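Working notes for the structure below.
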Amino acid sequence: MLLLRLARLLTPLLTLSAWLGLYSTVHALDYYEITNPRFTPLRVAVAMQPATSVKGLFVQSVFQSNLEQTLFFTVEESDSEAPAASPPEAPAFRLHLRVSREKPWLAFFVLRESGHEKPILEGQLEQRTGRSLRDLGRLLADRFTKATLGFPGLSFSKIAYTAQARGSRKNIMLTSYDGTQQKRFSYNLGSNNFASWDPAGKQLLYTTLTRSSAQIQLQHVDRYRAHILEFQELDRRTQPLAGSWSPDGHGLLLALMRQGSSDLYQYTFESGTLTPLVTWRSLETSPVWSPDGSRIAFVSDSARNREPQIHLYDPRTKRSERVTYKGRYNSSPRWSPDGRMLAYEGRRKGVFQIFKYDLLRRRHQQLTFGRYNSQQPDWAPNGRQLVFSSRKTGVTKLYYISAHGGPMARVTTSPPAVVETQPAWTH
C-alpha cells in the first residue's frame, strides 16, 4: 500500500510563485495511508488575526471550501491565544492567517505541524492584477496541499457538465472546484451534452441535438457563441454523436451514427478530413485518446448486442484489445493523467458502480458500493480524485471521490430538481 510520508527534513526548499516568493520546508510528520479508502481526513486548525477581519474570514472560507474538497482535510476555527491541545485531541496542522485591510490585499500565513514550532510553510500572497480576493484563498489551499501532500492542488481547475432542470433542455454548465461558482456555458435552442476539454483548457467540444440533427460545437471558455463544425464528407443520414480531443489539440475523435451503426473516426482540423478508425458492424462509442496518443479507449457491443464492453485500439498497428469481461455493461472509459489507469462505469447486480483499471497489472478495482447508480467518471488533473454523477440522493448530482475509493462529497449546491450528468474536468 502506498504510504504518504510527511516527515520533517532539514533542507529548506525555496519556492517561487508567480505571485510571491514563498519560503517553505519540505515537511516531515508521520506516515498517513491516504490510499486507504477508510482514511480519516486530517484536522486543520485556522487562527485568523484579527478574528473579526471580514476580508480575512472570506479568504479563510475560500481556503476551507477548496481544501476540504480534496477529501484529505477538515478545517476548523481556532483561537490563536488558546493553549495547544495535546495528542490525540490536537489537530494535525495549525495555520495562522492575517489579511491586510487595504488594497492590494495581502495574505500573511504560517503553517505548522501541531507540536512543532518550526514552520512547514510561511510567506505572503499578493492580489496581483487580474486576480481576486477569492484567488488568495484558492492559492493558499493549493500551497497547503503541495506542502503537506506533495502533489498539486486543484483550486483553479474547472468542471464542465450537463445540467437539466425539470421541463427544460440540457445545457453545458461550468463549476469551480469548490462548487461555489457556477455559470451557464451553452446558449442555443438544442439539447447539449458530452462536453470535452481541449488540452489547454481553453475550449470545449460538445454535442447539440435538435429535432432534425446532431451538431458538434466548439466554444471558447470566455465566449458565449459557439462554432459549428461542418463535415463536408457526411451526408444527412450520418450524424455525429460525440467527440473528444486529441492530446496535441490538432484533431478530434468522433463517433458517427449511420443507419443504426456507430463507427469511430479521426478528424484533423488542418485538413478538415475524416479518417475511419474502427468500423465494425456493431456500435462503437465514447472514444478517448490516451495522454501520450498511443492508444484509444472506446466502447463496443461487438461481443454481444446491447452489452457494451471497453476496448483499446492501437492506431499504429490497427489492433484492438478487449479490457472488460466481468458484467454485461461497462462504459464511459476515461484515462488517468499519467495514462496508467482507466476509470469507467460498470453495472453489477443491476446497479452502476465506478471502477478503475490498472493497465500494467491488468487489475480492476471497484470504488463505489452504494445501492444507487454512480456513472460517468472523469479524472482530476493531478490524478488524485474522480468526479462522477450519482443518484445517491434520488436525483443525479455530481460527486467527488478519492482515486482510491472512500467517502463521496457533493460538487455543487444546485437545487434538488436539477439533474447533473457527464462531468468533464480540465486537464
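Quick notes
- Of the strands (runs of 3 or more DSSP E) lying entirely inside the range 222-274, the ones with 2 or more residues being farther than 20 Å from L204 by Cα are found at 251-258, 261-268.
- Residue satisfying condition, being over 19 Å from the mean Cα position of the chain (by Cα), in the same structural domain as N192 (by TED's automatic domain parsing) and over 20 Å from F298 (Cα atoms), within set R384, R363, R371, R391: R371
- Residue list for the range 209-221, filter: touching a residue at least 24 places away in the same chain (Cβ under 8 Å) and part of a loop (DSSP other than H, G, I, E, B): S213, V221
- Test: residue in the range 82-98 that is in contact with a Gly (Cβ under 7 Å, 6 or more places away or on another chain) and part of a strand (DSSP E or B): yes
- Among all positions in the range 254-269, there is no residue which is in the same structural domain as Q353 (by TED's automatic domain parsing), farther than 22 Å from T208 by Cα and surrounded by fewer than 22 Cβ atoms within 10 Å (Cβ to Cβ).
- G383 fulfils the conditions (1) under 30 Å from Q181 (Cβ atoms); (2) surrounded by 19 or more Cβ atoms within 10 Å (Cβ to Cβ) except for a single criterion, (2).
- Listed conditions (1) more than 28 Å from the chain's Cα centre (by Cα); (2) at pLDDT below 85; (3) surrounded by fewer than 18 Cβ atoms within 10 Å (Cβ to Cβ) are all met by T25, apart from (3).
- Matching option when the condition is touching a Phe, Trp or Tyr at 6+ places or on another chain (Cβ under 9 Å) and either aliphatic (A, V, I, L, M) or farther than 30 Å from T74 by Cα (or both), among L229, L189: L229
- Filter result (over 17 Å from A242 (Cα atoms) and part of a loop (DSSP other than H, G, I, E, B)) within the range 302-316: S302, A303, R304, N305, R306, E307, P315, R316
The values are calculated or read from the model by the stated rules, or taken from the named source; none is laboratory data. On a predicted model such as this, the values are computed, not experimentally measured, just so you know. Note: ideal-geometry Cβ built from the backbone for every residue, glycine included; neighbour counts use all protein chains shown.
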